[in-house]
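Every number here is computed from the coordinates shown, using simple stated rules; none is lab data. Note that this is a predicted model, so its numbers are computed, not measured. Here Cβ is always computed from backbone atoms with ideal geometry, including for glycine, and neighbour counts include all displayed protein chains.
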Ligand SMILES: [Zn+2]
């Protein structure tokens, strides 16, 4: 099937295309150079055309997401929709934690065609994949949690990178996981004993390993396995005043390790996630202030790192993370309900509702810190825009964030009329007048995430050979002034006029018209030498009998669980 999207104004940073009037040709689900005259024509005159957006870090599937849904039935009242007969869209609900169908629809409506579930407890991989298969339209992958895993802590405590790499290779395959996710390394394990670690040099209780050794060791493992994505790091001390020093120290740890992906064009060694939560100065909530300038300065000066933001959207939302001790701190602070879970041998998690009130001092500063990071990091090739959905706010607020970043006037209006004065006093946001362009928005939501994930051969761009994931927005760059018409920007990005997924029209005039489309599942399929792989596997089996409450054979996610399996090959040890 041939299609052509004609006369759109194209933004495709990975190919250096900045607002050129072009046609985009599609054949058999891929972008091609040209098509025949029989191709079906879609008119995009006076509209913006971008690659389908790539979500680098979100929480949309798995155990803690489901706990969030159950813990907060009140959340479902804020966004609910019945079955739509004309399009066969299913009913769904949930504002901060939508049900699976709704998640796929809402992302697609905004032009997102790929999303990464950023925290998968390996033991609960099966459930995570079940939910991902039930989330329509989006290509997806999930990141298994490595930062508090007993096997990893043992291997790295002994400095045994080879065995750790063999174990990681097995775990990625067994869980159909895509990348090495590290959350509060050693801290969640310490939480199993009611504690936490602080900084990166505390030793985990009952293990001989520190967060710094975990970060470095896993970065080495990552490059040994030649994985598509870099390590994906949620630093220690999330949400603590004064934590920016821990953040910069953590980013410094893997510096110098040789970048070595087998596929894609990644040239970075670490991705720091939701860095807004990790850019705090001060010693308590009383003298809390932004340290975004220091963290942004670090990112500007170093080329081994990319970050995503974790922008606070000023909503009532649901926080959820494998950082168990942090959720307890949060619950102690806001007094709202709390769910907590330990995942044997591997990780833990917590879920707590949170109200980011614009009128409250701390959320106002948190909002400012996210904005500062996005605007002070000079090169949008180093940032991805995220809300760490739903933690700092639901992903459905992305269009509002784009509008904030594209309009100084919008931010001034927020600072003058909506936000607590701390936003101005405790950050530099009021002094920043930079406004991101359409090109930079496209980079921070398409090009950069695709590249850092190692998927840029076929995601995040509109060159020949790419998947035909295309978003068309009814905004004309020739006539719209984002600085002044910021509400039109927000509206324009909220509901795309057309979204193509693998060449099929998924969204038309802002509504999902093809809800049965299924996404691909990416995972890292690495090959390692028989030795030490076999020895490691034998040891894992022995430990399973000793510690796990489920059998070794019941652990791996079977191929039948995956509707569109798309393994990404790594190579040898
Ligand atoms: Zn997250």
Relative contact order (percent, whole number), segment 322-382, Cα cutoff 8 Å, 6+ residue spacing: 26
Measuring from label point to label point, each 7 Å out along Cα→Cβ, what is the residue 85 to residue 538 span in nm? 6.6
Convex hull over the Cα atoms of segment 35-95, averaged projected area in nm²? 8.0
With equal scatterers on the alpha carbons only and no solvent term, can you work out the Debye log10 of I(q)/I(0) for segment 386-465 at 0.17, 0.19, 0.20 1/Å? -0.82, -0.95, -1.01
Please give the residues of segment 339-383, grouped as numeric ranges, whose backbone N is less than 18 Å from a label point set 7 Å along the Cα-to-Cβ vector of residue 433. 372, 375-376
Run the quick spin-label model on residue 488 and residue 6: label points 7 Å from Cα toward the beta carbon, then report their separation in nm to one decimal. 2.5
Kirkwood Rh in Å, taken over all unlike Cα pairs in segment 54-200: 16.9
Which ordering of 214, 70, 414 is given by a fewest-first count of other beta-carbon atoms within 10 Å? 70, 414, 214
Would you work out the relative contact order for the chain, in percent, from Cα pairs under 8 angstrom that are 6 or more residues apart? 21
Please give the per residue volume of the convex hull enclosing the alpha carbon atoms of the chain, rounded to a whole number of Å³. 134
Viscosity 1.002 mPa s, temperature 20 °C: give me the Stokes-Einstein translational D for segment 301-411 in µm²/s, with Rh taken as the Kirkwood radius over C-alpha pairs. 141
Exposure-ranked with fewest Cβ neighbours within 10 Å first, 545, 231, 269 stand as 545, 269, 231
Send over the per residue convex hull volume for segment 456-573, Cα only, as a whole number of Å³. 209
Tell me the relative contact order for segment 278-422 as a rounded percent, counting alpha carbon contacts under 8 Å between residues six or more apart. 31
Once you place label points 7 Å from the Cα toward the Cβ at residue 208 and residue 516, how far apart are they in nm? 5.9
Based on the Cβ-Cβ distance from residue 301 to residue 566, what FRET efficiency comes out when R0 is 30 Å, to the nearest 0.05? 0.25
Answer check: segment 395-531, Cα atoms, Kirkwood Rh, Rg/Rh ratio of 1.08
Residues 312, 10, sorted so that the one with the fewest Cβ neighbours within 10 Å comes first: 10, 312
Normalized C-alpha radius of gyration of segment 114-177, against 2.2 N^0.38 Å? 1.25
What is the log10 of I(q)/I(0) for segment 481-535, computed with the Debye formula using one identical point scatterer on each Cα and no solvent, at q = 0.13, 0.24, 0.28, 0.31 Å⁻¹? -0.58, -0.94, -1.04, -1.13
Here the gain from full extension of residue 38 to residue 359, 0.36 nm per residue of separation minus their alpha-carbon distance, amounts to 109.8 nm
